[in-house]
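Enquirer: Take a look at the following structure, please.
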Amino acid sequence: MALLITSECINCDVCEPECPNQAISMGEEFYVIDPERCTECVGHFGEPQCVQVCPVECIPLNPDHVESPEQLMAKYERLQKTALPRLVVG
Ligand code: SF4
Ligand code: SF4
């Protein structure tokens, strides 16, 4: 299941840089999660990193995007294949 950000969000900006999949961005009024990119952090971390850092606990599961651990891992692998190559610094 992807996660979603509710209107309780106070736009504190701390979750966005923590997301390993670049799934979080600023929406019209508050931050939003792209369900096509959110793997619940499967493949990267044992716990959803955005939930760990959010000070107001406004990131529940998205009931419109129910996915099994296997589907989340498949999404992770798909994202890895389409990821832009990282710059190798010196
Ligand atoms: S659970 Fe992980 S992948 Fe999903 S939005 Fe949060 S930090 Fe990003
Ligand atoms: S950490 Fe929570 S309150 Fe802060 S921007 Fe992200 S969702 Fe909003």
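Enquirer: If you wrap a convex hull around the alpha carbons of the range 16-82, what volume per residue comes out, as a whole number of Å³? Display every interim value, and only then the final one.
Expert: Values: hull volume 6.3 nm³, N = 67.
Hull volume over Cα atoms, normalised by residue count, gives 94 Å³.
Enquirer: May I ask you to list the residues of the range 42-63 whose amide nitrogen lies under 16 Å from a point 7 Å from Cα along the Cα→beta-carbon direction of residue 18?
Expert: Label zone hits: 42, 44-61.
Enquirer: Please compute the length gained on full extension between residue 78 and residue 44, using 0.36 nm multiplied by the number of residues separating them and subtracting their Cα-Cα distance.
Expert: Difference between extended and current length: 10.9 nm.
Enquirer: Residues with amide H under 5 Å of residue 3's amide H, sequence separation 5 or more or different chain, H placed in the peptide plane at 1.01 Å from N; which?
Expert: The answer is 40, 62.
Enquirer: Further question: In degrees from 0 to 90, rounded to the nearest 10, what is the angle of the helix 69-82 Cα long axis to the longest principal axis of the chain?
Expert: Between helix and principal axis, roughly 60 degrees.
Taken together, the values in this text are just the output of simple stated rules run on the coordinates, not laboratory data. Values in this document were obtained by computation on a predicted structure and should not be read as measured data. Here Cβ is always computed from backbone atoms with ideal geometry, including for glycine, and neighbour counts include all displayed protein chains.
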